[in-house]
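Participant: Quick one: structure below, then a few questions.
The values are calculated or read from the model by the stated rules, or taken from the named source; none is laboratory data. Bear in mind that the values here come from a model prediction, so they are computed numbers and not experimental data. Here the Cβ is made from the backbone with ideal geometry for all residues, glycine too, and neighbour counts use every protein chain on show. For the accessible areas, the whole protein counts, side chains as well, though only heavy atoms, and no ligand, DNA or RNA atoms are used. Shrake-Rupley method; radii C 1.70, N 1.55, O 1.52, S 1.80 Å.
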Amino acid sequence: MPAARVWASDEREWLARMGTDILAEHPGPEALPGLLAELTDQWEARAWCGPDTTAKQLARFGPDAADAAPVLRAYWLHTPHSYERADYLRALTAIDPTGLDDAYIESLWDCEERARLLGIAMAPQRPQTTERIAVLRDDPMETTEVRAAAAARLTATAGPDLP
């Protein structure tokens, strides 16, 4: 990170851009208040494109970004972009996973592979989830990654009620 800070102020445009990009992807603790304000501003403006990037940056702060949880939950519920849902749920998982069981279960039916993978990894052990994960494992139309993750989850949690 020290090198990226130097690069960001370099007179060579390409190097300055690279330094700025690296710093944006790996914000330090001083960036947290600004990122929280940015996410809130995005929600208030109903900005549907871009908050997933802010969510990824906030996720790096873990529980220190707890103030972002209500807005991230709102984005997860209301975004019109299915491809962003996994980023919001992943950020919530890192920041405040309290009460996400239903979101993980719902993700098992999501149209986005990354969301299904998160659901497979995080959904609570219940008959409903075990059945759905077995369907994902056996679905010939499912992606190889999802089928493998589902098989691994079922193997790891194998028990007498395994379908």
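Participant: Given His78, Thr144, Ala8, which one lies farthest toward the positive end of the charge dipole of the chain, if we put +1 on the Cβ of every Lys and Arg and -1 on the Cβ of every Asp and Glu?
Facilitator: Final value for the positive-end residue is Thr144.
Participant: Hey, got the dipole for the chain? About the Cα centre, +1 on K and R Cβ, -1 on D and E Cβ, debye to the nearest 20?
Facilitator: My answer is approximately 320 debye.
Participant: Using just the C-alpha positions of the chain as equal point scatterers, what log10 of I(q)/I(0) does the Debye formula give at each q in 0.12, 0.13, 0.16, 0.17 1/Å?
Facilitator: Relative scattering, expressed as log10 I(q)/I(0), comes to -0.63, -0.71, -0.92, -0.98.
Participant: How large is the dipole of segment 6-53 about the Cα centre if only Lys and Arg carry +1 and Asp and Glu carry -1, each at its Cβ, rounded to the nearest 20 debye?
Facilitator: I would put it at about 60 debye.
Participant: Here is a follow-up. Take the Cβ-Cβ distance between Ala47 and Glu25 as r, set R0 to 25 Å, and report the resulting FRET efficiency rounded to the nearest 0.05.
Facilitator: Efficiency, rounded to the nearest 0.05: 0.80.
Participant: Who wins for biggest fluctuation among Arg137, Arg85, Arg46 in a Gaussian network model of the chain, springs between alpha carbons below 10 Å?
Facilitator: Highest fluctuation of the listed residues: Arg46.
Participant: If you take the beta carbon distance between Ala134 and Cys111 as r and set R0 to 22 Å, what does 1/(1 + (r/R0)^6) give as a FRET efficiency, to the nearest 0.05?
Facilitator: Given R0 = 22 Å and the Cβ-Cβ separation, E is 0.70.
Participant: Which whole-number percent is the relative contact order of segment 27-163 (Cα, under 8 Å, 6+ apart)?
Facilitator: The normalised contact order for segment 27-163 reaches 16 percent.
Participant: Probe of 1.4 angstrom, ligands and nucleic acids ignored: what's the accessible area per residue over segment 12-69, in square angstrom?
Facilitator: For segment 12-69, the per-residue accessible area is 57 Å².
Participant: Among Leu117, Cys49, Ala66, whose Cα lies farthest out toward the positive end of the dipole of the chain, if unit charges sit on the beta carbon of Lys, Arg (+1) and Asp, Glu (-1)?
Facilitator: The residue sitting farthest along the positive end of the dipole is Leu117.
Participant: Post the alpha-carbon centroid distance, segment 95-163 to segment 1-69, in whole angstrom.
Facilitator: Between the Cα centres of segment 95-163 and segment 1-69 lies a distance of 31 Å.
Participant: Build a GNM of the chain with springs between Cα atoms under 10 Å: which of Arg73, Arg60, Arg12 gets the top mean-square fluctuation?
Facilitator: Answer for the Gaussian network model of the chain: Arg12.
Participant: I need the calculated FRET efficiency for the pair Leu77 and Met18, taking r as the beta carbon distance and R₀ as 30 Å, to the nearest 0.05.
Facilitator: Between Leu77 and Met18 the formula returns 0.25.
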